[in-house]
Amino acid sequence: MLQALKRWAREAAGKHPEILRVGYTGSLCRGDWGVGSDVDVVVVAKRKDRDLHRRLFFSLLSLPVPADLLLYTEEDFDYPPLRRFLKETVWLETEVENEDLH
């Protein structure tokens, strides 16, 4: 599963230059992922709009398990509850290093 997610992240970042980072959170990064689990994919982009969300969401159908897409901008990380929620995110693909996202 992790290899498929890494491949998806590379392809998504290549097709969509507005993507800054791709990662995953939830049960997969906690280690309690199993049969019936989905993968929570976190994408940080320069902008977020309905079209980008739709394109990324449908491209996630190529993964071997169901996936939830969590699409954010860098500005969203200014919101403290979101920052705490994403502390456990494992980042896969980085186009622009930004210390504020860690």
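The values are calculated or read from the model by the stated rules, or taken from the named source; none is laboratory data. Given the structure is predicted, the values throughout are model-derived calculations rather than measurements. When we count neighbours, we look across all protein chains shown, and the Cβ atoms used for this are built from the backbone with ideal geometry, even at glycine.
Let's see how each residue does on (1) surrounded by fewer than 17 Cβ atoms within 10 Å (Cβ to Cβ); (2) at pLDDT 95 or above; (3) out of contact with any Pro (no Cβ under 6 Å at 6 or more places or on another chain); (4) not β-branched (V, I, T):
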residue: R47; (1), (2), (3), (4): yes, no, yes, yes
residue: L52; (1), (2), (3), (4): no, yes, yes, yes
residue: F57; (1), (2), (3), (4): yes, yes, yes, yes
residue: V65; (1), (2), (3), (4): yes, no, yes, no
residue: L82; (1), (2), (3), (4): yes, no, yes, yes
Residue satisfying condition, being among the aliphatic types (A, V, I, L, M) and at pLDDT 95 or above, within set V90, V41: V41
Which condition number in (1) modelled with pLDDT of 85 or more; (2) in a helix (DSSP H, G or I) is the one that D100 fails? (1)
Can you confirm whether S37 is under 21 Å from F85 (Cα atoms), among the small types (G, A, S), in contact with a helix residue (DSSP H, G or I) (Cβ under 9 Å, 6 or more places away or on another chain) and surrounded by fewer than 18 Cβ atoms within 10 Å (Cβ to Cβ)? yes
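Answer yes or no as to whether W33 is out of contact with any Lys or Arg (no Cβ under 6 Å at 6 or more places or on another chain) and modelled with pLDDT under 95.
yes
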Which of the residues spanning region 42-96 are closer than 16 Å to K6 by Cβ, touching an Asp or Glu at 6+ places or on another chain (Cβ under 8 Å) and of a type in the set (V, I, T)? V65
Looking for whichever is free of Cβ contacts under 8 Å to residues at least 40 places away in the same chain and in a helix (DSSP H, G or I) here; the options are D76, D40, D32. Which one fits? D76
Selection count, region 41-78, where residues are charged (D, E, K, R) and closer than 18 Å to A13 by Cβ: 8
Residue count, region 39-68 (criterion: hydrophobic (A, V, I, L, M, F, W, C) and more than 11 Å from Y24 (Cβ to Cβ)): 9
